[in-house]
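The values are calculated or read from the model by the stated rules, or taken from the named source; none is laboratory data. Please read all numbers here as calculations on a predicted model, not as lab measurements. Methodologically, a virtual Cβ is constructed for each residue, glycine included, from the backbone with ideal geometry; neighbour enumeration extends over all protein chains shown.
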Amino acid sequence: MQAESILSHHSSVYSIVTGQILKQLESGTVPWRKPWQTASPCNLISQKEYRGINTFLLSASGMPSRYWLTYAQAAKLGGHVKAGEHGSTVVFWNVGEEEVNPKTGKLSKPCLLRYYKVFNLSQTEGISNKLGLAEQSAKPVPDIDACEALVAAMPNAPQFKPSDRASYSPLADVVAMPPKSVFNSSEGYYATLFHELTHSTRGLDGKESKR
């Protein structure tokens, strides 16, 4: 691969990773500041933990399981990715042995950088039950009565639904939240909940609504 095409390919990978982070920021999620628990992401087949930027990218996804696998790996295990699920980006970087460039006579190291998609175990079917996998349960997180009272008294409150990430859908008027049990503290849970409820008080034009 010529130097120009290598640089172009690397730039493409950088753009994809940067775009993924920016998308989370624009949706109101700060991917490096997440107050709920996330075990180190790990490939289900190799049992090796992801490293570098991949740890950051997968941990920031908010998925409940630490295990990840490719579409092909899911099929090989006799399962499949659920319909409509979207994969998460991981990158593979490898620097080869130093060698002499036959054209220039100079020493150089070949670099390989590529990206591919992986899916969380929770996005698959027919795998975890066969392998007998069970996720470690988190410690209970107590309610804060004053915060619960504020939520209960909110006029025209949005609907709530369980999810692997915190978000607000203005079209459906629905707040999605991870279960309280996976948060590191009560304060972290309610801070995240109130953040999403604040989004729900704004109209589709971004202005304050009359809730």
Counting only residues that are out of contact with any Asp or Glu (no Cβ under 9 Å at 6 or more places or on another chain), at pLDDT 90 or above and closer than 25 Å to Gln123 by Cβ, the range 149-170 contains a total of 1
Need pairs with beta-carbon distance below 9 Å; first residue at positive phi and not assigned by TED's automatic domain parsing to the domain that holds Arg165 and within the range 49-74, second surrounded by 21 or more Cβ atoms within 10 Å (Cβ to Cβ) and modelled with pLDDT of 90 or more; sequence gap 6+ or separate chains. none
First in the range 111-123 and in the same structural domain as Ser65 (by TED's automatic domain parsing), second anywhere and of a type in the set (Gly, Ala, Ser) and assigned to a strand (DSSP E or B), Cβ under 7 Å, 6 or more apart: Lys117/Ser88; Val118/Ser88
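Tell me, which residue of the range 81-108 that is closer than 30 Å to Ser59 by Cβ and modelled with pLDDT under 75 is farthest from the chain's Cα centre (by Cα)?
Filtering first and then ranking leaves Gly96.
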Determine the pairs where a residue that is of a type in the set (S, T, N, Q), located within the range 75-90, has a partner that is part of a helix (DSSP H, G or I) with Cβ atoms under 7 Å apart, the partner being 6 or more residues away or on another chain. Ser88/Leu57; Ser88/Leu58; Thr89/Ile16; Thr89/Val17; Thr89/Gln20; Thr89/Leu57
Among what's in the range 133-148 and is within 24 Å of the chain's Cα centre (by Cα) and exposed (fewer than 14 other Cβ atoms within 10 Å of the Cβ), pick the residue that is modelled with the lowest pLDDT. Ser137
